[in-house]
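Encoded as structure tokens, the structure appears first; notes follow it.
The values are calculated or read from the model by the stated rules, or taken from the named source; none is laboratory data. What you are looking at is a predicted structure, and each value in this text was computed from that prediction instead of being measured. Here the Cβ positions follow ideal geometry from the backbone for every residue, glycine too, while neighbour counts run over all protein chains shown. Just the protein is used for accessible areas: all its heavy atoms, side chains included, with ligands, DNA and RNA removed. Shrake-Rupley method; radii C 1.70, N 1.55, O 1.52, S 1.80 Å.
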Amino acid sequence: MSAPRTTPWPLVALFTAGYLAPYLLPTTVGRLASGLPLSATQAGAVGSALLLSSATAGFLLASRVDRIGPRTLARLGLLLALLGYGGAALTAAVPAVVAGAVVGGFGSGTLTAVAATGIAAQRDPHRTTTLGLLGVSALAGAVYLTVPHLGPGHAQPLAALALTALAVWPFTARLSPRTAPALSRAAAGSRLPHLRSGLLLAAAMPCWSAAQNSLWGVSGRIGLTQAHLGEATVGAVFAVALGTGLLGVVGAGALGPRLGQALPIGLGTVLIAGCIALSASATDLTTFASGEIAWNLLYPVVLSYVLGLAAALDPRGRWAVLVGSASSLGTAVGPVTGSLLAARAGFPAMGTVLAVGLLAVAVPLTAVALRRRTTTVATGPALTEGTTPVRLDVAA
């Protein structure tokens, strides 16, 4: 009889706190534009700076989590998120807000790196990833429902990010303070396995994320200006969409490896391209809500399989962190890309361009998934010959 699986809640909590910033991007960018003397493009640039800082943290820390220690890095990330986002929420000075967003973004990226490294060491990375996506979708949905009722200004979404960091702090007590020295020495000399597949996945993910977050970064403006909806209605659509995303995550977790990875990733990306084109062309509530809800249903499903695929390439979590950071890099340029495309060509043309780009990116993503064809979503060391798994001890 196999031992019962325990849920690594500290990793789920860190994943939720790290991914919350990109999930709140539309309301953060919209509030920055409406609450501060910033144009829509400038507000999008601030959002991009936040996410670029997050991606930078991931690239810097991809191979260092086990060396520094997950508890130390997690607490550093939470402290940076609390001080950065909290400080930005408490001031109306644009330079201070930008600086706070960048500091907070680095904290978010640090949390994501710790979470991804720990999740890759789990027996079932896909299951833990889906739990993390479940948590961040639920929390983001609650924020979208609450923020419109808290008055105008830029502070509310930033305060939500800071308070989430504060709430997650107690979970760090159950993280290992430092990886065992013997494992660290062995891991230090190990090379990245499956280099070709990992590089192709890491190269494709910025484009995949950029296309989707170009829409996500301007979705609020599409609802307000093109579909002529109120902020409360747009917030409700986002909340319902994220709630539907919860169903998608639950479904992905229940489905697990039964369909492999190529079908969910390839077909899911093609369907997402259609959702983006639909949402970007919306001129009424029905079309806008249909596009956003269908997209949010599919996006976390595909993302969970992509992250599970990256985790399967290296049980030390280096590919998981690098692919996640590459995704954040694409997410970072999303708000500016979407704003520029919308300003020059309009929202419908923007959606068409993004959809075509996603269709092109679906090819290499599917190729990597086919190359890593297996009967399980991720089986850790069995998929990484010649490497030494380094696990982050987490109390269940």
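I need the peptides 82-90, 311-319, 123-131 ranked by packing, meaning the mean over residues of other C-beta atoms within 10 angstrom, with the highest value on top.
Averaged packing, sorted descending, gives the order 311-319, 123-131, 82-90.
Given labels modelled 7 Å from the Cα in the Cβ direction, how far is it in nm from Leu359 to Arg371?
Here the answer is 2.5 nm between the modelled labels.
Rounded to the nearest 0.05, what FRET efficiency do His228 and Ala92 have when you use their Cβ-Cβ distance and R0 = 35 Å?
Taking R0 as 35 Å, the efficiency between His228 and Ala92 is 0.75.
May I ask you to derive the relative contact order of the chain, considering only C-alpha pairs under 8 Å and at least 6 residues apart, and to give it as an integer percent?
RCO, the chain: 28 percent.
GNM, the chain, Cα, under 10 Å: largest mean-square fluctuation among Ser327, Ser176, Ser54?
Ser176
Given a Förster distance of 35 angstrom, what is the FRET efficiency for Asp284 paired with Ala173, based on the Cβ-Cβ distance and rounded to 0.05?
That gives a FRET efficiency of 0.10.
Return the inverse of the average 1/r over all pairs of distinct C-alpha atoms in the chain, which is the Kirkwood hydrodynamic radius, in Å to one decimal.
20.5
Given labels modelled 7 Å from the Cα in the Cβ direction, how far is it in nm from Trp9 to Leu267?
Rounded to a tenth, the inter-label distance reads 3.6 nm.
Net charge within 13 Å of Phe171 by Cβ-Cβ distance, Lys/Arg positive one each and Asp/Glu negative one each, not counting Phe171 itself?
Here the charged neighbours net out to +3.
Could you derive backbone 3J(HN,Hα) for the range 71-79 from the dihedral phi with the Karplus parameters 6.51, -1.76 and 1.60 (θ = phi - 60°), listing whole Hz in sequence and x where the residue is Gly or Pro?
5, 4, 5, 4, 5, 5, x, 5, 5
Give the peptides 18-26, 40-48 in descending order of average Cβ contacts within 10 Å, highest first.
Per-residue mean Cβ counts within 10 Å order the peptides as 18-26, 40-48.
Just subtract the alpha-carbon distance of Thr41 and Arg258 from 0.36 nm times their residue separation and send over the number in nm, one decimal.
Contour length minus Cα-Cα distance gives 73.8 nm.
What do the square roots of 5 times the Cα gyration tensor eigenvalues come to for the range 80-225, in whole Å, largest first, as semi-axes of the equivalent ellipsoid?
32, 21, 16
Once phi is turned into ³J(HN,Hα) by the Karplus curve 6.51 cos²θ - 1.76 cosθ + 1.60 with θ = phi - 60°, what whole-Hz value does each residue of the range 297-313 show in order, with x for glycine and proline?
Once rounded to whole Hz, the list reads 5, 8, 4, x, 5, 5, 4, 4, 6, 5, 5, x, 5, 5, 5, 5, 6.
Pull out a ≥ b ≥ c, the square roots of the eigenvalues of the alpha-carbon gyration tensor of the range 79-164, then state rounded if a/c is under 1.5, prolate if not and a/b is larger than b/c, and oblate in the remaining case.
Oblate, because a/c is 1.5 or more while a/b does not exceed b/c.
Taking 0.36 nm per residue of sequence separation and subtracting the Cα-Cα distance, how much length would be gained by fully extending the chain between Ala142 and Ala349, in nm to one decimal?
Going from the current span to full extension adds 71.4 nm.
Can you give the relative contact order of the range 195-284 as a percent, counting alpha carbon pairs under 8 Å and 6+ residues apart?
Here the relative contact order equals 48 percent.
Comparing Leu285, Leu224, Leu255, which has the greatest mean-square fluctuation in the GNM of the chain with Cα pairs linked when under 10 Å apart?
Maximum fluctuation in the GNM of the chain, among the listed residues, is at Leu255.
Kirkwood hydrodynamic radius, computed over distinct alpha-carbon pairs, for the range 233-349: how many Å, to one decimal?
15.6
Order the following by accessible area, largest value first: Cys275, Cys207. Probe radius 1.4 Å; ligands, DNA and RNA are ignored.
Order by accessible area, largest first: Cys207, Cys275.
May I ask you to list the residues of the range 274-295 whose amide nitrogen lies under 20 Å from a point 7 Å from Cα along the Cα→beta-carbon direction of Leu247?
274-276, 278-279, 285-295
Return the inverse of the average 1/r over all pairs of distinct C-alpha atoms in the range 248-306, which is the Kirkwood hydrodynamic radius, in Å to one decimal.
Kirkwood hydrodynamic radius for the range 248-306: 11.8 Å.
Given an 8 Å cut-off on Cα distances and at least 6 residues of separation, report the relative contact order of the range 35-111 as a percent.
After rounding, I find 46 percent.
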